[in-house]
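Just so it is clear, none of the values below were taken in a lab; they were calculated from the coordinates. Only a predicted model underlies this, so the values are computations on that prediction, with no experimental measurement involved. Note that each Cβ is placed from the backbone with ideal geometry, even for glycine, and that neighbours are counted across all protein chains shown.
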Amino acid sequence: MSDKFADDIIAFLPNLRRFALSLCRAPDTADDLVQVTVERAFAARHQFDPTTRLDAWLFRILRNAWIDMTRRARTRGTQIDIEDAPDASTVDGTRITETALMLRSAKAAIETLPDNQRDVIMLICVEEMSYKEAAEILALPVGTVMSRLARARLAIANKLGIKTGEPRSSGSQGDS
């Protein structure tokens, strides 16, 4: 069973990665989820019933792993890699606290968005994909992606109390 089992799991890797991406919306996290899923599947292969569908069993393992990851992340809090903060010894605590509060508010605002808007904002603003790349991933026209992004940004700004529609620079608008 072991060699065929391994071959069958390998065949499902692209499907597992797609499902992982749909859950976490971050390629590196999706790869981690797939790895955890495969590890758990091999560790529990004696529990697999060959009369059932392997893909359904693997998807269930992946979803449970995702739930475990999100629960751990909620209790762990924000983590910063030391290499990303070389000047950590000269940190302005007030600024960091204000930034953390704003980020928490922004994250909460993003989480309240409808799925279709959240998907777009995460792909473009977080994953830094182009409109075209996001449109291809979501199987949507580019115009739809742009429209959803605009609505998402406006909804987030409203939830954060950021005024919209005002000029950003003095330009030809008069006083700033």
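Computed extension gain for ALA6 through ALA26, at 0.36 nm per residue and net of the alpha carbon distance, reaches 4.6 nm. To the nearest 0.05, how large is the calculated FRET efficiency for ARG18 and ALA56 if R₀ is 25 Å and r is the Cβ-Cβ distance? FRET efficiency, ARG18 to ALA56: 0.95. The sum of -39500 (n - 2.57) across all DSSP H runs of n ≥ 4, divided by the residue count of the chain, sets its helix-only mean residue ellipticity at 222 nm to -22000 deg cm²/dmol. Taking all C-alpha pairs of region 2-76, those more than 17 Å from each other amount to 40 percent. Here's the list of aspartates and glutamates a cross-link from LYS159 could span, going by alpha-carbon distance under 14 Å and ignoring same-chain residues fewer than 8 apart: GLU111.
Each residue in ILE156, ILE137 was given a count of other beta-carbon atoms within 10 angstrom of its own, and listing them fewest first yields ILE137, ILE156. Straight-line cross-link reach from LYS163 at under 12 Å between alpha-carbon atoms covers no aspartates and glutamates, not counting any fewer than eight positions away in the same chain.
Ranking THR112, ALA139, ALA20 by how far each Cα lies toward the positive end of the dipole of the chain (charges on Cβ) leaves THR112 at the top. Going from the residue with the fewest nearby Cβ atoms within 10 Å to the one with the most, ASP31, ASP115 rank ASP115, ASP31. Counting neighbouring Cβ atoms within 10 Å and putting the fewest first, the residues VAL36, VAL142, VAL126 line up as VAL126, VAL142, VAL36.
Amide H contacts for ALA26 (H built 1.01 Å from N in the peptide plane; partners 5 or more residues away or on another chain; cut-off under 5 Å): none found. Of the labelled figures (1) 43, 40, 32; (2) 52, 32, 29; (3) 76, 46, 25, only one reflects Cα extents along the principal axes in Å as derived from the coordinates, namely (3).
Couplings for region 128-136, taken from phi via the Karplus curve 6.51 cos²θ - 1.76 cosθ + 1.60 with θ = phi - 60°, read 6, 8, 6, 4, 5, 5, 5, 4, 5 Hz in order; Gly and Pro are left as x.
Taking the square roots of five times each eigenvalue of the Cα gyration tensor of region 96-160, the equivalent ellipsoid has semi-axes of 23, 12, 8 Å, listed largest first.
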